[in-house]
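Before any comments, here is the structure.
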Amino acid sequence: KFQAFGAENVPSTGGVLLMSNHASYVDPVFMGAAVDRNLYYMARSTLFKPGLIEWLLLNMNAFPVHLGVPDRKAMRWALQLLGDSNLLLIFPEGTRSVDGTLGKAQAGVGLIAYKTTAFVVPAFLGGTREVLPRTAKMLKPAKVIVSFGKPLDMDYYRKCEASRETYVKIGEEVMTRI
């Protein structure tokens, strides 16, 4: 019950910044299954507690990001991964949606997109909220789709002044394209 659409929009080489909606803890698993490349992604730092979950996250190429504050270490790591021609998944809203609706992108998302020369590809995940709802403890069967959009034209934004306003506009376009 899993389908992926638009995989041809994800370049097979070079740095690629995937930006997707976020509805469930299983989102990175399905996104990873939809691409033919090794996938890295940001996860909130509070998940990285010693034990099974931390081990699983680290072995799935996750790295911690502190929410609600500028996390320079996570930003530097994200930019390095993209500069080294990796595929990086970021959830622009910074958290899972409560009801499935899209929220606002965090300003740091626009900053990363602005500072990198990587392709910026919007993506939509559907059905993962049904597989593992926010308050559920068990997986449920459901149809899941991943749809990749065409890369954003970042040249327009990269000609603009590096400012919070520019980063917010990038985030708004990303959310619109998702």
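Determine whether Phe148 is within 22 Å of Lys169 (Cα to Cα) and touching a His at 6+ places or on another chain (Cβ under 7 Å).
no
Anything in segment 136-178 that is β-branched (Val, Ile, Thr) and under 15 Å from the mean Cα position of the chain (by Cα)? List them, or say none.
Within segment 136-178, Val146, Ile170, Val174, Thr176, Ile178 qualify.
Which residues, counting only those in segment 12-64, are of a type in the set (Gly, Ala, Ser) and touching a residue at least 12 places away in the same chain (Cβ under 8 Å)?
Once the filter is applied, which keeps residues that are of a type in the set (Gly, Ala, Ser) and touching a residue at least 12 places away in the same chain (Cβ under 8 Å), segment 12-64 yields Ser12, Gly14, Gly15, Ser20, Ala23, Ser24, Gly32, Ala33, Ala34, Ala43, Ser45, Ala62.
Considering only segment 134-146, state which residues are outside any strand (DSSP E or B) and in contact with a Lys or Arg (Cβ under 8 Å, 6 or more places away or on another chain).
The answer is Arg134, Pro141, Ala142, Lys143.
From the list Tyr157, Tyr167, pick out the single residue that is in contact (Cβ under 8 Å) with a residue 60 or more places away in the chain, within 14 Å of Leu17 (Cβ to Cβ) and either assigned to a loop (DSSP other than H, G, I, E, B) or open to solvent by less than 60 Å² (accessible area, probe 1.4 Å) (or both).
Tyr167
Could you list, in sequence order, all residues of segment 1-57 that are assigned to a loop (DSSP other than H, G, I, E, B), open to solvent by less than 30 Å² (accessible area, probe 1.4 Å) and closer than 23 Å to Thr101 by Cα?
Hits for segment 1-57 are Gly6, Asn21, His22, Ala23, Ser24, Val26.
The values are calculated or read from the model by the stated rules, or taken from the named source; none is laboratory data. From a predicted model like this one, the values you see are computed outputs, not experimental measurements. All Cβ positions, even for glycine, are placed from backbone atoms using ideal geometry, and neighbour counts span all protein chains on display. Side chains are part of the model used for accessible areas, which takes the heavy atoms of the whole protein and leaves out ligands, DNA and RNA. Shrake-Rupley method; radii C 1.70, N 1.55, O 1.52, S 1.80 Å.
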